[in-house]
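Written below as structure tokens is the structure these notes are about.
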Amino acid sequence: MTNPELLTRADVLRHGRTPFVLATVVHVERPTSAKPGDSALVLPDGTVEGFVGGSCTETTVQLQGLRVLRTGESLLLRITPAGDSGTTGAEESGAGLVTVANPCLSGGTLDIFLEANLPPALAYVYGHAPIARALLDIGRALGMDARPASPGEPLPSDLHVAVIATHGRDEATVLTEAAQAGVPYIGLVASPKRGAAVLAGLDLDDEQRTRVHTPAGLDIGARTPAEIALSVYAEIVALRPQAARTGCPEAGPAAPAAVPEEVDPVCGMTVAVTADTLALDQSGHRVYFCGPGCRHAFADDPARYAHA
């Protein structure tokens with residue numbers, strides 16, 4: 001069974017909308033220090049909480065876990081001794097499977113499932129009328145974290161959607177704050193004529209104005225509050241391919257920032273560069289290592305690894 005304390009920690013992260021990867025050992029070929037069921041969490045800053053093996057295994061899980069956080073796609077990680085494949089590093093072995101030849105292992109093989117846990121897209125809905133209530137209901141049915149919001153309420157940094165359905169109350173204030181905060185999708189529920197007038201009166205630059213969609217939603221002939229809410233979410237979904245083409249943020253879960261990667265000059269492993277990564281300063285630059293063994297080897301004879 002997975003460590004109950006780790007599961008409790010995972011629940012805290014979910015409630016706090018912190019993305020993480022749950023790494024679980026599912027198969028081992030000894031000798032290994034880990035056993036099936038051992039598990040750990042990989043956080044966006046590279047912190048690894050729990051146990052899935054020794055320092056080199058943990059370094060590999062950390063690197064692949066951070067990559068999973070970027071893609072949002074879970075995978076099975078197979079860590080084998082370097083001698084099994086004759087190479088070091090990672091290779092795509094098939095859909096959902098990555099094999100890493102780890103020269104630090106003592107001869108065993110580990111299969112570790114890396115499960116991405118990303119928070120659902122966060123949507124703020126302003127207003128109390130039937131359309132606002134429908135926006136909350138349908139947003140939740142679509143798996144979004146849809147919440148009622150009030151003008152003047154601080155906007156969280158991971159807010160993806162803001163829909164204003166206040167029917168003329170405090171619209172300019174909310175629209176301006178959301179646009180200046182960089183919220184990817186901002187929708188104003190209004191008629192074309194009134195929506196255009198509200199948008200024209202906002203103190204925004206051209207890029208900020210492109211985030212404001214009014215009338216909010218696709219023109220699907222919506223009439224009822226539920227149909228109007230459906231048209232708004234249809235527009236949000238339809239904008240995803242456009243976001244990928246233009247590079248504009250899409251109205252979906254934001255991926256954590258990429259973590260720099262470096263190659264250990266001793267064993268050739270790729271490591272994620274975090275605040276806790278082992279390193280040494282050499283000839284004016286910083287060298288990073290997968291574990292203390294490689295750092296000690298480099299410190300004893302730096303010239304031996306100068307080619308790397």
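The values are calculated or read from the model by the stated rules, or taken from the named source; none is laboratory data. In this text the structure is predicted, and so the values were computed from the model without any measurement. With ideal geometry, Cβ positions are generated from the backbone for all residues, glycine too; neighbour counts draw on all protein chains shown.
Of note:
- Answer from ALA146, ALA132 - the residue that is assigned to a helix (DSSP H, G or I), free of Cβ contacts under 8 Å to residues at least 60 places away in the same chain and not assigned by TED's automatic domain parsing to the domain that holds LEU63: ALA132
- A count restricted to region 227-265 and to residues that are modelled with pLDDT of 75 or more and within 30 Å of GLN282 (Cα to Cα) stands at 8.
- Extreme residue, surrounded by the fewest Cβ atoms within 10 Å (Cβ to Cβ), among residues of region 77-107 that are assigned to a strand (DSSP E or B) and modelled with pLDDT under 75: GLY94
- Scanning region 289-306 for any residue that is touching a helix residue (DSSP H, G or I) at 6+ places or on another chain (Cβ under 9 Å), aromatic (Phe, Trp, Tyr) and closer than 26 Å to LEU69 by Cα turns up at least one such residue.
- Condition check for ALA190: within 12 Å of LEU135 (Cβ to Cβ) and surrounded by 15 or more Cβ atoms within 10 Å (Cβ to Cβ): no
- Take the conditions (1) under 19 Å from the mean Cα position of the chain (by Cα); (2) more than 25 Å from ALA123 (Cβ to Cβ); (3) not in a strand (DSSP E or B); GLY37 misses just one of them, which is (1).
- In region 165-187, the qualifying residues are those that are assigned to a strand (DSSP E or B) and either in contact (Cβ under 8 Å) with a residue 40 or more places away in the chain or on the phi > 0 side of the Ramachandran plot (or both), and the one that is surrounded by the fewest Cβ atoms within 10 Å (Cβ to Cβ) is TYR185.
- Among the residues of region 56-70, some residue qualifies, meaning at least one is under 25 Å from ARG17 (Cα atoms), surrounded by fewer than 20 Cβ atoms within 10 Å (Cβ to Cβ) and either of a type in the set (A, V, I, L, M) or touching a residue at least 60 places away in the same chain (Cβ under 8 Å) (or both).
- Checked against (1) within 30 Å of the chain's Cα centre (by Cα); (2) surrounded by fewer than 14 Cβ atoms within 10 Å (Cβ to Cβ); (3) modelled with pLDDT of 95 or more, THR224 passes all but a single condition, namely (1).
- Qualifying residues in region 1-55 (those that are without any contact (Cβ under 8 Å) to a residue 24 or more places away in the chain and of a type in the set (D, E, K, R)) - the one surrounded by the most Cβ atoms within 10 Å (Cβ to Cβ): ASP38
- Flag if LEU204 is at pLDDT 95 or above and either part of a helix (DSSP H, G or I) or hydrophobic (A, V, I, L, M, F, W, C) (or both): no
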